[in-house]
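Down below is the structure, laid out as structure tokens.
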Amino acid sequence: MEILRTISEVKAAVRPRKRAGARVGLVPTMGYLHEGHLSLVRRARQETDLVVVSIFVNPLQFGPREDYDRYPRDLDRDAALLAPEGVDIVFAPSVEEMYPEPIRTFVEVTGLTEGLCGASRPGHFRGVTTVVTKLFNIVEPDVAYFGEKDFQQLQVVRRMVRDLNMNVEVVGVPTVREPDGLALSSRNVYLRGREREAARILYRAIQRAQELVAQGQRDARALVEDLTAFIAREPLARVDYVAVVDPETLAPVERIEGRVRLALAVYIGSTRLIDNAELAVDNPELEGAG
């Protein structure tokens with residue numbers, strides 16, 4: 001496994017393999033890896049010939065009062081996790097390497113980015129799509145792997161690729177969870193003491209939503225109100241949003257029909273956690289009013 005720090009090194013390592021016919025897989029990360037990231041790596045290892053993992057805490061996607069400075073970083077730890085997984089290249093650039101001068105060019109997807117996390121993190125997705133575009137141009141992957149835990153990000157990247165005719169396939173990989181249901185996240189390291197127990201409320205809310213839909217609830221607004229009140233019973237939890245949205249457009253839906261997405265963002269203490277899950281009604285035409 002090579003750990004490369006510069007764009008020129010990555011291009012020099014990848015391009016000859018591509019010319020020889022290798023299928024290249026990219027797993028973009030911000031590091032401090034966990035089993036969720038490793039599930040992406042394993043999928044890439046199965047489906048591609050050359051696996052590249054990028055580790056870069058991207059300042060463009062953090063707001064002025066967010067956790068950029070304290071976001072966990074440990075390249076040695078990450079490399080030790082990646083080496084046994086058959087990763088070929090780790091691209092771990094500095095901020096100066098990725099942005100050698102003040103950036104004047106941005107990539108922005110509209111329509112999918114104003115709601116959900118975009119409402120409370122303005123500019124976040126512009127930072128995501130800009131850095132992902134740069135990574136795609138540097139690595140030139142055939143396939144890029146993203147976790148479904150960041151569902152809005154996944155759909156935004158998919159739309160960007162489609163709209164700009166980028167020659168890369170975007171693959172979403174299911175969320176990996178702790179035994180008690182908490183979605184794995186690098187930010188889970190922030191949770192202290194009782195906060196870790198309180199964080200289970202996100203998955204419990206997802207389970208409650210699935211139960212209510214199975215029992216016939218079809219009114220999205222009523223479901224959101226129920227879940228918001230349910231989460232509020234946890235003293236350490238503060239709801240950022242609860243939403244039921246169309247999985248493609250991410251627009252709110254009024255009725256739960258077919259397959260929709262439940263999305264949550266909840267503060268546990270000062271730590272903001274997100275989660276999501278599909279809510280499915282297989283035969284909406286046979287359902288009552290609910």
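Rounded, prolate or oblate for segment 2-173? Axes are the square roots of the Cα gyration tensor eigenvalues, ordered a ≥ b ≥ c, and the cut-off for rounded is a/c under 1.5. Cα axes put segment 2-173 in the rounded bin. When only the Cβ of Lys, Arg, Asp and Glu is charged (+1, +1, -1, -1), the dipole of the chain relative to its Cα centre reaches about 460 debye.
Checking every one of the trypsin sites (Lys or Arg not before Pro) in segment 197-244 against DSSP loop status and a limit of 13 other Cβ atoms within 10 Å picks out Arg233. Sorting Tyr190, Tyr145 from the fewest to the most surrounding beta carbons within 10 angstrom yields Tyr190, Tyr145. The residue among Ile256, Pro28, Ile89 whose Cα reaches farthest toward the positive pole of the charge dipole of the chain, with charges on the beta-carbon of Lys, Arg, Asp and Glu, is Ile89.
Loop-only check: which GluC sites (Glu not before Pro) in segment 250-281 are DSSP coil with at most 13 other Cβ within 10 angstrom?
Details: sites: Glu254, Glu257, Glu278; in loops: Glu254, Glu257.
Passing both the DSSP loop test and the Cβ count: Glu254.
Comparing Ala44, Ala237, Leu116 along the charge dipole axis of the chain, the residue lying farthest to the positive side is Ala44, per the Cβ-charge model.
Peptides 56-68, 240-252, 150-162 ranked from most to least packed by the mean count of surrounding Cβ atoms within 10 Å: 150-162, 240-252, 56-68.
Which of Ser185, Ser120, Ser270 comes first, and how do the rest follow, when ranked by fewest Cβ neighbours within 10 Å?
Working: Ser185 23, Ser120 13, Ser270 10.
With the sparsest Cβ surroundings first, the list reads Ser270, Ser120, Ser185.
Pairs of Cα atoms under 8 Å, at least six residues apart: use those to get the relative contact order of segment 186-285, whole percent.
On the way: 156 pairs, mean separation 27.8, N = 100.
Taking the mean separation of contacting Cα pairs over the length of segment 186-285, I get 28 percent.
Listed by chain and number, the lysines whose C-alpha is less than 19 Å from the C-alpha of Lys134, apart from same-chain residues fewer than 8 away, are Lys11, Lys18.
For a test of the definition: using alpha carbon positions, the gyration tensor, and the 1.5 limit on a/c, classify segment 89-180 as rounded, prolate or oblate. It would help to have the intermediate numbers written out before the result.
On the way: a/c = 1.40, a/b = 1.19, b/c = 1.18.
Since a/c stays below 1.5, the shape of segment 89-180 is classed as rounded.
Could you tell me whether segment 1-43 comes out rounded, prolate or oblate from its Cα gyration tensor? Rule is a ≥ b ≥ c as square roots of the eigenvalues, rounded for a/c under 1.5, then prolate if a/b exceeds b/c, otherwise oblate. Oblate is the answer for segment 1-43, as a/c is 1.5 or above yet b/c matches or exceeds a/b. Counting neighbouring Cβ atoms within 10 Å and putting the fewest first, the residues Thr105, Thr130 line up as Thr105, Thr130. Bridge orientation summary for segment 2-173: considering DSSP beta bridges with both residues in this region, about 0 percent are antiparallel.
Just so you know, all these numbers are worked out from the coordinates, no wet-lab data involved. Just so it is clear, the structure is predicted and the values come from calculations on it, not from any experiment. Virtual Cβ from ideal backbone geometry, glycine too; neighbours counted across all protein chains shown.
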